[in-house]
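Colleague: Can you keep this structure in mind? I'll have questions shortly.
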């Protein structure tokens, strides 16, 4: 018999960790090659981890809700015959660590497996690992104390070393225990992890008490699912971070509607893809971003980061009512056919729950199609740490004044509104308005005789 280490696979260049949300296989279960063993979640996408081999699951190295780094072993699978596919996790530790260190690691693993009961610190917006929570519980730390510990981990997270240093200083009297603050009941929200810039952190801190909600016997109380909690955190953080301002412009897209009606059948026959209006709009946005690179930036504190690549996010509604934003990488390098294939691929995989973590990373500007639901225009919230988002309104037949050399007359035209939300901290009205006007100009100048 051989023992194989199942490791958290690489999920993209910008994804370094994931949270275990559910074990699909228990210890003792038989596993086939390529069969899903557990479900994981990054800050935006849920996915499954399949087994590379067939065998029996003999050990789960992490529990539900544990945070795991890419490349870390998460389970041990016993396979038939052959040499050991990978060294046993405990043996690997023993070969590289002293006995005292091994004992400390084993103690840590056991403490992580403990269930947090009376004090689970669920009232905090900050993320704390199960190990940190357990140490806080054992040392009698209050939620207020835990939230005030300066974290040295990624995104300011409190690590084991941080909390142990605090506990030591607390016992020696080197730090003053903060007084507990009475707060009104509040809803638990997971803090956004990687996308929000550093400037978000002070803005997200709870400076106001939550308004108590009155509940009677006829009301139904439903806990938000994980993704809805994340969306809630992202939206709140964005509003508190960016100074949102909007510009609106009406666009005549009659030529685009006529052209699509003329070529959509031939397009689908030749390319095997449906031709919607979205890739045409995305093509215009990508061109405008090349013309106005000041919209293709991010903000990090007092610094502006000018993005080299144009990566367009396309907001997509999921069947369960949640929202996700897959990203078209290097959108300015795609022709219309390539754009249509990218839009359809990401849209279809989003609806089927097949997006990979890297599919939602690296966006530099976002487009959302509110017209899908009949909305004429909207005021979308910026997808941090970007500085702009464009909402596409519904295309409608409307009476319009048409100018000709022979004079003006009234005719029926296909029109839509573009709603541009942008961050007034770094984007002034001249840039924000000029950008959306350029998108409109590209759409109105669409060549009805062009090939696809």
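Just so it is clear, none of the values below were taken in a lab; they were calculated from the coordinates. None of these values were measured; they are calculated from a predicted model. Cβ atoms come from the backbone with ideal geometry, glycine included; neighbour counts cover every protein chain shown.
Colleague: Please compute the modelled spin-label separation between residue 354 and residue 249, points set 7 Å along Cα→Cβ, answer in nm with one decimal.
Modeller: The two pseudo-label positions are separated by 3.7 nm.
Colleague: How much length is gained if the chain between residue 214 and residue 258 is pulled fully straight, taking 0.36 nm per residue apart and subtracting their Cα-Cα distance, in nm to one decimal? Let's see the in-between values first.
Modeller: Numbers: separation 44, 0.36 × 44 = 15.84 nm, distance 5.33 nm.
Fully extending the segment from residue 214 to residue 258 adds 10.5 nm.
Colleague: Another question about this same structure. Neighbouring Cβ atoms within 10 Å as the yardstick, rank 420, 244 fewest first.
Modeller: Fewest to most other Cβ atoms nearby, the residues stand as 244, 420.
Colleague: As an exercise, use a Förster radius of 41 Å and the Cβ-Cβ distance of residue 434 and residue 373 to find the FRET efficiency, rounded to the nearest 0.05.
Modeller: Given R0 = 41 Å and the Cβ-Cβ separation, E is 0.90.
Colleague: Give the calculated FRET efficiency between residue 27 and residue 318 to the nearest 0.05, with a Förster radius of 35 Å applied to their Cβ-Cβ distance. Write down the numbers at each step before the final one.
Modeller: Working: r = 33 Å, r/R0 = 0.94.
Efficiency, from the Cβ-Cβ distance: 0.60.
Colleague: Test of understanding: ordering 382, 402 by Cβ neighbours within 10 Å, fewest first, what list do you get? Spell out each step's value before the answer.
Modeller: Details: 382 21, 402 14.
The order, fewest Cβ neighbours first, is 402, 382.
Colleague: Using a 10 Å cut-off on Cβ atoms, rank the peptides 439-451, 309-321 from the highest mean neighbour count down. List each step's numbers first, then the result.
Modeller: Values: 439-451: 14.2, 309-321: 17.7.
My ranking of the peptides, most packed first, is 309-321, 439-451.
Colleague: Given an 8 Å cut-off on Cα distances and at least 6 residues of separation, report the relative contact order of the range 245-444 as a percent.
Modeller: 29 percent
Colleague: Still on this structure, I have one more. Going by how many other beta carbons lie within 10 Å of each one, how would you line up 40, 163, fewest first? Intermediate results must be reported in sequence, preceding the final value.
Modeller: On the way: 40 21, 163 25.
Arranged by neighbour count, lowest to highest, 40, 163 become 40, 163.
Colleague: Only bridges whose two residues both fall in the range 285-377 count here: according to DSSP, what percent of them are antiparallel, nearest 5?
Modeller: Details: 8 of 11 bridges.
Here the share of antiparallel DSSP bridges comes out near 75 percent.
Colleague: What does the C-alpha gyration tensor say about the overall shape of the range 245-444? Classify as rounded when a/c is under 1.5, otherwise prolate if a/b is larger than b/c, or oblate.
Modeller: Because a/c hits 1.5 or more and a/b fails to exceed b/c, the range 245-444 counts as oblate.
Colleague: Provide the FRET efficiency to the nearest 0.05 for the residue 450-residue 164 pair, computing r from the beta carbons and using R0 = 60 Å.
Modeller: Taking R0 as 60 Å, the efficiency between residue 450 and residue 164 is 0.40.
Colleague: Put a dot 7 Å past each Cα toward the Cβ at residue 138 and residue 52; how far apart are the dots in nm?
Modeller: 3.4 nm
Colleague: While we're on this one: Could I have the simple spin-label model distance between residue 271 and residue 226, label points 7 Å from Cα toward Cβ, reported in nm to one decimal?
Modeller: Result: 3.5 nm between the two label points.
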